[in-house]
Amino acid sequence: MATLNIQHIDKIYDNNVQAVFDFNLDVKDGELIVLVGPSGCGKSTTLRMVAGLEDISAGHLLLDGKDITQTPAKDRDMAMVFQSYALYGHMTIYENMAFSLTLRKENPNVIHKKVLAAAEILGLTSQLNKKPSQLSGGQRQRVAMGRSIVRNPKVFLFDEPLSNLDAKLRGATRREILLLHKRLQATMMYVTHDQTEALTLADRIVCMSMGHVQQVGTPLELYDDPANVFVASFIGLPPMNFFDVKVEGDRLVGKGFSVGLTPEEKARLKGYDGREITLGVRPENIVEGSDFKATVTNSENLGMNTLVYGNVASGVKATAKLKGWKSYQVGDTASFSFNRKHFFDKETTNAIRGGK
Amino acid sequence: MTTEERSIQRDRMRFIRNSLSATLCYFGILFDVFYFVNLYQSDVGTYYYQIFIGASIIYNLLFLLIVFLASEGVKNYMKNYSYLLIAIGVMQVVRIFYIPSRAHAATTMVNGVETPVMGNGQFYTQVVFLVLSAACLLVSAAVNLYKCRELAEHQKTLDAQKA
């Protein structure tokens, strides 16, 4: 397959609006990179620049070491799968999958072999004589993927391919994409705003906001060691709780609560004594304990877990994800502790990872 | 062509429609249209064979309808439409001996001068259109019959492999 080097890429539109700022990324051979971020963060624009559907305003794009910044989309040897499937309604599934190769005037027998092989991989063999309108959303998306597979491109690009599917189908198709990636060992770039897709699919995630890359790392790195408040709030469901706290010796004092610091945490906060920081705690890191009290405002039992929403103090809210089925009533006072804490600089919003 | 290539070519027919036969049907229709436009724009209907002209209009309408229907049939490898096309193709040749031949042999008086109802030029043009139309339909039918046989044989092989 291929390596992709995206070097200092900017996207500035004609009206001087800058959508992407200094995007840098080295995609390894066979790697599945997921670009994740909220709507308008520039992830799709970046993907379209890689595909050649948008001009690159500044920077360079290298495929296998060759500069393809100015190369037209059709000559980039990349295949893109769109959210809207983009299938031809009047053609059968077979014809849709064969279409790009037919345009290239490939030998019909070779096309036939490739289409059947791709259909076999995607479980579409029995659907080849049908029209797209006769298929479900998930099957249509598989056809769109099949159309990419037959081309045997160097890089696969996916632009929110599962957004049109219902939750159940999305999960199933997501697993299929993962299996496909493992089977093809292809270099893939995948855009989504769904953090679940990002965490489950990616070898590495690129988290973006407002056109800037916020963090690049493995799913575990982004979840466990977020680079800043944005990443911490974006990755994880329910999102991380944030509290304004003051470091006072070996304690963190916030509005309505005060918690102790472990020696390791104290070491990380060296230089912050007496200063205000942002404390981040994931809902799953809040457990029943005795560090602080909260008034329950809502409780949702999800079977394996219970989500408890509470007010720690006036204007300070927290969400806890407790294991098991808990019976909290609105107005109850519950006691909790934090079993894992993340610290962020209040001014820069960056994670505090060591002595300052 | 190697055995494998032949096998793949046969297998492709399971997913690719018989567009060659269908296209030949469309050409058959096209040449028939050329024929009747050429016929009706002349004075043949006014001077001679008015009943035949009326019947030919109805026949042409039916022809267009049936051949278009057959084109869809052969596109999907339906064998029976080949026989229909053969019959209509033969009829196209037979039609030469009705209006064009009779009009070509007949004369009428125009301003006291004996004039052929259909001149040589128009007659041969019409013969060419009808023959071309017939040829297209017959070839279409032949191609479809051949492909249907190939596909049926291939399907038998696949079924045997499955069993």
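Worth a mention:
- Rule-of-thumb Rg ratio for segment A:1-159 [Cα; 2.2 N^0.38 Å; N residues]: 1.13
- A:Lys66 sits among other residues whose Cβ lies under 13 Å from its own Cβ, and their net charge, with Lys and Arg +1 and Asp and Glu -1, is -2.
- Loop-located trypsin sites (Lys or Arg not before Pro) in segment A:172-269 (DSSP state not H, G, I, E or B) with no more than 16 neighbouring Cβ atoms inside 10 Å: A:Lys255.
- For the residues B:Leu39, B:Leu84, B:Leu62, a GNM of chain B with alpha-carbon springs under 10 Å puts the largest fluctuation on B:Leu62.
- Helix A:93-103 and the longest principal axis of the Cα set of chain A meet at an angle near 70°.
- When you filter the trypsin sites (Lys or Arg not before Pro) in segment A:41-129 for DSSP loop state and at most 13 other Cβ atoms inside 10 Å of their Cβ, you are left with A:Arg104, A:Lys105.
- With a threshold of 18 Å on the Cα-Cα distance, the over-threshold entries among A:Lys321/A:Lys341; A:Lys266/A:Lys293; A:Lys130/B:Lys147; A:Lys293/A:Lys317; A:Lys266/A:Lys341 are A:Lys266/A:Lys293; A:Lys130/B:Lys147.
- Rel. contact order, % - alpha carbon contacts under 8 angstrom, at least six apart, chain A: 16 percent
- Helical runs (DSSP H, four residues minimum) scored at -39500 (n - 2.57) apiece and divided by the length of chain A put the mean residue ellipticity at 222 nm at -8000 deg cm²/dmol.
- The simple Förster model, with R0 at 56 Å and r as the Cβ-Cβ distance, assigns A:His8 and B:Met109 a FRET efficiency of 0.05.
- Placing one equal scatterer on every Cα of the protein assembly as shown and applying the Debye formula, the log10 ratio I(q)/I(0) at q = 0.10, 0.12 Å⁻¹ is -0.92, -1.11.
- Candidates A:Ile277, A:Ile205, A:Ile33, ranked by Gaussian network fluctuation over chain A, Cα under 10 Å, top entry: A:Ile277
- Residue of A:Tyr190, A:Tyr223, A:Tyr328 that the Gaussian network model of chain A assigns the largest fluctuation, springs spanning Cα pairs under 10 Å: A:Tyr328
- For segment A:241-345, alpha-carbon Rg relative to the globular expectation (2.2 N^0.38 Å, N residues): 1.08
- Among the helices of chain B, those built from whole DSSP H runs whose Cα atoms reach 27 Å or more along their own axis and whose mean Kyte-Doolittle hydropathy is at least 1.0 are B:19-40, B:50-75.
- Segment A:94-224: Rg to Rh, with Rh as the Kirkwood radius over Cα pairs: 1.01
- Applying 1/(1 + (r/R0)^6) with r as the Cβ-Cβ distance of A:Glu221 and A:Lys131 and R0 = 56 angstrom yields a FRET efficiency of 0.80.
- Helix A:137-151 axis, angle to chain A major axis (alpha carbon atoms, nearest 10°): 60 degrees
- Computed helical MRE - 222 nm, chain B, DSSP H runs ≥ 4 contributing -39500 (n - 2.57), nearest 500: -26500 deg cm²/dmol
- Placing R0 at 22 angstrom, the Cβ-Cβ distance between A:Tyr88 and A:Asp67 gives a FRET efficiency of 0.10 after rounding to 0.05.
- With respect to chain A, whose longest principal axis is taken over its alpha-carbon atoms, helix A:108-122 is tilted by about 30°.
Values quoted throughout were computed directly from the atomic coordinates according to the rules given, and no laboratory measurement underlies them. This is a predicted model, so every value here is computed, not measured. Cβ atoms come from the backbone with ideal geometry, glycine included; neighbour counts cover every protein chain shown.
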